[in-house]
1. Taking the options Arg19, Arg38, name whichever one is assigned to a helix (DSSP H, G or I), among the basic types (Lys, Arg), surrounded by fewer than 19 Cβ atoms within 10 Å (Cβ to Cβ) and more than 16 Å from the chain's Cα centre (by Cα).
2. Checking Ile186 against (1) in contact with a Leu (Cβ under 9 Å, 6 or more places away or on another chain); (2) closer than 24 Å to Phe143 by Cβ; (3) in contact (Cβ under 8 Å) with a residue 60 or more places away in the chain, which single condition isn't satisfied?
3. Going through the stretch 22-35 one residue at a time, which ones are more than 14 Å from Lys80 (Cα to Cα) and not in a loop (DSSP other than H, G, I, E, B)?
4. Condition first: open to solvent by 50 Å² or more (accessible area, probe 1.4 Å), in a helix (DSSP H, G or I) and within 29 Å of Asn8 (Cβ to Cβ). Now tell me which residues in the stretch 100-130 satisfy that.
5. Output the residues belonging to the stretch 87-99 that are open to solvent by 80 Å² or more (accessible area, probe 1.4 Å) and either among the hydroxyl-bearing types (Ser, Thr, Tyr) or part of a helix (DSSP H, G or I) (or both).
6. Filtering the stretch 1-16 down to residues that are among the charged types (D, E, K, R) and assigned to a loop (DSSP other than H, G, I, E, B), which residue is most open to solvent (accessible area, probe 1.4 Å)?
7. Return the only residue of Val53, Val48 being part of a strand (DSSP E or B), within 22 Å of Thr127 (Cα to Cα) and in contact with a Phe, Trp or Tyr (Cβ under 7 Å, 6 or more places away or on another chain).
Amino acid sequence: MKIISDINELRDHLRGQNRASFVPTMGNLHEGHLSLMRLARQHGDPVVASIFVNRLQFGPNEDFDSYPRTMQADIDKLEKEGVYILFAPTEKDLYPQPQEYRVDPPQQLGDILEGEFRPGFFKGVCTVVLKLFSCVQPRVAVFGKKDYQQLMIVRQMASQFALPVDIVPAETIRAEDGLALSSRNIYLSASERAEAPALQRQLSAMREQVLGLKEKTVSSLLDIEANALMQMQTRGWKPDYMAIRQQRDLARPTQADLDGGQPLVIVTAAKLGKTRLIDNLEI
């Protein structure tokens, strides 16, 4: 595996490769990330991964400085997966001058849910993803469905900018007890790790409640959301949202949407102690 930090060197190595597949990450790789590498290989060759902790998507009080950085362990894992190139730029490599040009997603998608609680997050995500696409110039890029809203925003960005990149979604990888794998799970204490699967169980309960409704109404969904928030708060969680939304655009469904059978998804973000976990479940 070649480890490259310089953009020009990366382009030299990839020149003439028109079927490259790409998996952007922030490192501290786990089985969820590695499953993305395997899926990428099914869609293109060679496989290029990146590791870059992107300052632009962290808020002033978030964990940029403490975000887990495990480069050597990550390199070992990627080599075992047969990744061809690891693009691991420094901030000076990727942002040699202040990144004054930014990509701002539409408010109706970028400022709700995660965007409401993490202002500017998706602007930082879109900016770095567009720049990484420019550096790697892949045919395919793989993103996990655990970051449901991020996947949707990146897919729409690629479409609206007519980027020659197919965005491939990957299913969420979970631990045996149901907890979605995340780099931030290492922040959990032993007791918090034992409690953490309750988030996925609550999503499953919400899904069963929605499926069990004789007639779906806007008010019935709001009741399910409110009850779920109360249940999690009772367990000591601090949920930001537990929302039932439309799969197509993450908007709140209207009664006409519900009557028309629009597919739904439950999305959530909640703090357990100091650790913020996200998850989702399609209905």
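The values are calculated or read from the model by the stated rules, or taken from the named source; none is laboratory data. The shown structure was predicted, so the numbers you read here are calculated from the model rather than taken from an experiment. Neighbour counts run over all protein chains shown; Cβ positions are idealised from the backbone, glycine included. The protein model used for the area step is the full one, side chains on, heavy atoms only, and it has no ligands, DNA or RNA in it. Shrake-Rupley method; radii C 1.70, N 1.55, O 1.52, S 1.80 Å.
1. Values: Arg19 fails: assigned to a helix (DSSP H, G or I).
Matching residue, one of Arg19, Arg38: Arg38.
2. Among (1) in contact with a Leu (Cβ under 9 Å, 6 or more places away or on another chain); (2) closer than 24 Å to Phe143 by Cβ; (3) in contact (Cβ under 8 Å) with a residue 60 or more places away in the chain, Ile186 violates only (1).
3. Just the residues of the stretch 22-35 that are more than 14 Å from Lys80 (Cα to Cα), to begin with: 22-28, 32.
The answer is Phe22, Val23, Pro24, Thr25, Gly32.
4. So in the stretch 100-130, the residues open to solvent by 50 Å² or more (accessible area, probe 1.4 Å) come out as 100-102, 104, 106-108, 111, 116-117, 119, 123.
Narrowing further to those that are in a helix (DSSP H, G or I): 107-108, 116-117, 123.
Answer for the stretch 100-130, where residues must be open to solvent by 50 Å² or more (accessible area, probe 1.4 Å), in a helix (DSSP H, G or I) and within 29 Å of Asn8 (Cβ to Cβ): just Lys123.
5. So the first thing to find is which residues in the stretch 87-99 are open to solvent by 80 Å² or more (accessible area, probe 1.4 Å), and the list is 92, 96-98.
Once the filter is applied, which keeps residues that are open to solvent by 80 Å² or more (accessible area, probe 1.4 Å) and either among the hydroxyl-bearing types (Ser, Thr, Tyr) or part of a helix (DSSP H, G or I) (or both), the stretch 87-99 yields only Lys92.
6. So in the stretch 1-16, the residues among the charged types (D, E, K, R) come out as 2, 6, 9, 11-12, 15.
Applying the additional criterion that residues be assigned to a loop (DSSP other than H, G, I, E, B) yields 6, 15.
Numbers: Asp6: 62, Arg15: 164 Å².
Step by step, filter the stretch 1-16, then rank; the result is Arg15.
7. On the way: Val53 fails: part of a strand (DSSP E or B).
Selected residue: Val48, the only one of Val53, Val48 that is part of a strand (DSSP E or B), within 22 Å of Thr127 (Cα to Cα) and in contact with a Phe, Trp or Tyr (Cβ under 7 Å, 6 or more places away or on another chain).
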